[in-house]
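Encoded as structure tokens, the structure appears first; notes follow it.
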Amino acid sequence: MTTPALAAAAAERAQTIRQRADRPSQRRCAEHASARATVRAALSGVQVREASDTGTLEFVGRASVYEQAYEMWDMFGPYTEIVTEGAGSDSLARADLDVPLVLGHDQLRRLARTTTGTLFLTESADGLDVRAPALDPADYDVAYIAPKLRSGLVDEMSFAFRIEAGQWSPDYTEYRINRYDIHRGDVAIVGYGANPYTGASVRQPAAAPPNSRARALLEIALAR
């Protein structure tokens with residue numbers, strides 16, 4: 001549904017933007033100017049489970065959902081954004097892909113990383129899937145987030161990236177991201193998301209070592 005704010009922003013955008021392929025200016029995930037430009041989403045089945053043979057924790061989730069509209073903001077006001085299925089395929093195919101799994105987009109709170117072989121990113125028809133198969137439960141940040149994922153207090157993810165190609169709809173109310181670059185961006189566990197379709201959670205096999213549950217105390221920093 002087109003709201004008055006969406007229509008007013010689109011009218012200004014149509015008068016200012018020279019080409020429909022131009023990227024959003026001052027793109028952000030909320031109205032206030034200091035908001036980050038990350039895409040976030042919830043309820044995509046993110047889980048953490050204990051590996052019975054190693055005592056480590058496995059994290060699986062979805063950092064973005066494709067072909068699902070969510071609200072974003074630019075210098076003119078609100079608009080709808082959609083990530084096209086397969087938009088990250090070129091970036092994910094890089095041999096030197098460097099992406100960490102972090103808490104709240106904080107680059108110093110890293111849980112896993114593609115360059116160390118501890119994080120794997122793949123695309124499905126539904127979105128950007130995340131798997132970290134061997135998180136160390138003794139790591140402070142891992143211990144901080146696991147109980148919150150298990151209890152459902154935290155169940156969303158987000159990803160930070162750079163838009164490489166996209167296009168505005170003819171009425172300038174919607175922007176579609178056709179190609180993005182996630183190299184040196186991140187995938188993050190967050191408190192709330194702009195895209196209401198991603199998610200995060202924790203699961204644990206019955207044979208998990210008794211001490212690993214006690215050590216798994218982990219909490220998420222809220223996305224800025």
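Quick check, is Tyr180 closer than 17 Å to Tyr66 by Cα and outside any helix (DSSP H, G or I)? Answer is yes for this residue. Once region 31-42 is narrowed to residues that are of a type in the set (A, V, I, L, M, F, W, C) and buried (at least 17 other Cβ atoms within 10 Å of the Cβ), the residue that is modelled with the lowest pLDDT is Ala42.
Keeping to region 144-155, report how many residues are farther than 13 Å from Val102 by Cβ, of a type in the set (A, V, I, L, M, F, W, C) and part of a helix (DSSP H, G or I).
Final tally of qualifying residues: 2.
Summed over region 145-181, residues that are touching a strand residue (DSSP E or B) at 6+ places or on another chain (Cβ under 8 Å) and either small (Gly, Ala, Ser) or closer than 30 Å to Gln15 by Cβ (or both) total 22.
For Ala125, are the conditions met, namely being free of Cβ contacts under 8 Å to residues at least 40 places away in the same chain, outside any strand (DSSP E or B), surrounded by fewer than 18 Cβ atoms within 10 Å (Cβ to Cβ) and not β-branched (Val, Ile, Thr)?
So Ala125 does not fit the description; no.
Residues in region 82-98 that are touching a strand residue (DSSP E or B) at 6+ places or on another chain (Cβ under 9 Å) and of a type in the set (Gly, Ala, Ser) were compared, and the one that is surrounded by the fewest Cβ atoms within 10 Å (Cβ to Cβ) is Ser89.
Within region 1-24, the set of residues being part of a loop (DSSP other than H, G, I, E, B) and over 15 Å from Glu71 (Cα atoms) comprises Ile17, Arg18, Gln19, Arg20, Ala21, Asp22, Arg23.
Remark: pairs (first residue in region 146-157, under 15 Å from Leu111 (Cβ atoms); second residue in a strand (DSSP E or B) and small (Gly, Ala, Ser); Cβ separation under 7 Å; 6+ apart in sequence or on different chains) = Met157/Ala41; Met157/Gly61; Met157/Ala63; Met157/Ala188; Met157/Gly199. Of everything in region 53-79 that's part of a loop (DSSP other than H, G, I, E, B) and over 14 Å from the mean Cα position of the chain (by Cα), which residue is modelled with the lowest pLDDT? Filtering region 53-79 for residues that are part of a loop (DSSP other than H, G, I, E, B) and over 14 Å from the mean Cα position of the chain (by Cα), the one modelled with the lowest pLDDT comes out as Asp53. Considering region 80-98, the residues that are of a type in the set (Gly, Ala, Ser) and part of a loop (DSSP other than H, G, I, E, B) include one that is farthest from the chain's Cα centre (by Cα), namely Ala95.
Take Thr80 and decide whether it is hydroxyl-bearing (Ser, Thr, Tyr), over 23 Å from Glu164 (Cα atoms) and either touching a Leu at 6+ places or on another chain (Cβ under 7 Å) or touching a residue at least 60 places away in the same chain (Cβ under 8 Å) (or both). Taking the combined requirement at face value, the residue does not satisfy it.
For the residues Leu101, Leu108, the requirement of being modelled with pLDDT of 95 or more, surrounded by fewer than 20 Cβ atoms within 10 Å (Cβ to Cβ), part of a strand (DSSP E or B) and not hydroxyl-bearing (Ser, Thr, Tyr) singles out Leu108.
If you go through region 134-143 and keep only what is surrounded by fewer than 17 Cβ atoms within 10 Å (Cβ to Cβ) and part of a strand (DSSP E or B), you end up with just Ala134.
The values are calculated or read from the model by the stated rules, or taken from the named source; none is laboratory data. All values reported here derive from a predicted model rather than from experimental measurement. Every residue, glycine among them, receives a Cβ derived from its backbone with ideal geometry; neighbour counts consider all protein chains shown.
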